[in-house]
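J.: First, the structure itself, so that you have it in front of you.
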Amino acid sequence: MTKPTLAFIGAGTLGTALAEACMVAGYRVLSIHSHRFEDAARLANALPQAEAVSNPNEVTNADLTFLTVPDDVIATVCESIAWPASSSVVHCSGALSLDVLNSAAQTGAATGSLHPLQTFAPGAEHAARLSDITYALEASGNELHDTLEELVETLGGRPQWIASADKPLYHASAAMASNYLVALLGDASRLWESFGFSRDSGLQSLLPLVRGTIDNLQGVGFPDALTGPIARGDVDTVRIHLDALTTSQPDIVASYAAMGKQTVMLGLEKGTLSEDAARTMCELLDAAVNPEGKS
Ligand SMILES: NC(=O)c1ccc[n+]([C@@H]2O[C@H](COP(=O)([O-])OP(=O)(O)OC[C@H]3O[C@@H](n4cnc5c(N)ncnc54)[C@H](OP(=O)(O)O)[C@@H]3O)[C@@H](O)[C@H]2O)c1
């Protein structure tokens, strides 16, 4: 299949990474538009043959345009452009359906979405992170379906077709796995401040443990990757944790208890936690959040 020519609207974190990765994979990026012209110019300078354009309507000479703008403005940006029927317009949101591209569909353009299941924080080099990952895809027609699948495979990714109706749960899963992990480690690292270390030194000490845990998950999966006091049924250790948290960091008790109850379920599934110990753990965890037992 001939590779389509590409354009990007939004020269931010993902737009920059995706445009650079597509260029390395042999795709030709013709034009880039962004909120600030200097961002489009910076990205265009890194891509041979690409041109920064100040008017978004100038991107429509490309076969396929990626709208790599924040989710909240995808529909508005799409509406601001007179799409030829020969265009393909693709957004990169994990949560939104193709409805946000209705204005392009109404002119006969093909519409799609391509969401790399990966995290890209601003200010780092990310093009390499686009290979060996899952991409959630949607397309309004067969031709764009095949084009997106080939693009993902050329980038070294794994295409996964996810229906619009399933995208909220798909994206909630991604947010829990990535954003909540950061929040969880924020709390875990903050505990180090209670015994005289900085949050950052706590994080540096915890990161090898996190990597070991991820290796266990990759190696043996659920539920065997679970270790620790809840899986072992060490009720007294959990009691000691809760007493210390309640005294030193009471604002962390609720998340410790909520995740503790999820951990009890995995411990039961693993078979190393008895029903009796599980019940006692759940009572302890509930009592820590709701000491007066109010319903
Ligand atoms: N970052 C990730 O980890 C990640 C992962 C997967 C998917 N995504 C998806 O990728 C898309 C972009 O996210 P991002 O993280 O790359 O955001 P970002 O870093 O904020 O980049 C968005 C870019 O779009 C520009 N922009 C904003 N409004 C615009 C408009 N009306 N016209 C033209 N350009 C405009 C911004 O310019 P200014 O900064 O000057 O406003 C910025 O350059 C979103 O749909 C997001 O869900 C992101």
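Read-outs: derived from the displayed coordinates by stated rules, not from any lab. Bear in mind the structure is a predicted one, so any value in this text is a computation, not a measurement. Cβ atoms come from the backbone with ideal geometry, glycine included; neighbour counts cover every protein chain shown.
J.: Using amide H atoms built in the peptide plane, which far-off residues or other-chain residues are under 5 Å from residue 33 H to H?
T.: Hits under the 5 Å cutoff: 8, 9, 10, 53.
J.: Using the Kirkwood radius over C-alpha pairs as Rh, can you work out the diffusion coefficient of the stretch 71-211 via Stokes-Einstein at 37 °C, viscosity 0.692 mPa s, in µm² per second?
T.: 190
J.: Taking all pairs of distinct Cα atoms, average 1/r, flip it, and tell me the Kirkwood hydrodynamic radius of the stretch 169-288 in Å to one decimal place.
T.: Radius from the Kirkwood sum: 15.4 Å.
J.: How big is the stretch 148-219 along each principal axis, measuring the range of its Cα positions in Å and listing the largest first?
T.: That gives 52, 25, 21 Å along the principal axes, largest extent first.
J.: How would you order 103-109, 190-196 from highest to lowest mean count of nearby Cβ atoms within 10 Å? The partial results should precede the final answer.
T.: On the way: 103-109: 17.0, 190-196: 13.7.
Descending mean neighbour count gives 103-109, 190-196.
J.: Okay, moving on. In square nanometres, what is one fourth of the surface area of the convex hull spanned by the alpha carbons of the chain?
T.: 18.9
J.: Restricting to DSSP loop positions (anything but H, G, I, E, B) with no more than 14 other Cβ atoms inside 10 Å of their own Cβ, which trypsin sites (Lys or Arg not before Pro) remain in the stretch 222-295?
T.: Qualifying residues, ordered by number: 294.
J.: Quote the Stokes-Einstein diffusion coefficient, in whole µm² s⁻¹, for the stretch 92-162, based on the Kirkwood radius over alpha carbon pairs, a temperature of 10 °C and a viscosity of 1.306 mPa s.
T.: For these conditions, the coefficient is 123 µm²/s.
J.: Would you compute, from DSSP H runs of 4+ residues alone, the mean residue ellipticity of the chain at 222 nm, taking -39500 (n - 2.57) per run and dividing by the full residue count, rounded to the nearest 500?
T.: -15000 deg cm²/dmol
J.: What are the equivalent ellipsoid semi-axes of the stretch 10-108, built from the alpha-carbon gyration tensor (square roots of five times its eigenvalues), in whole angstrom, biggest first?
T.: 21, 14, 13
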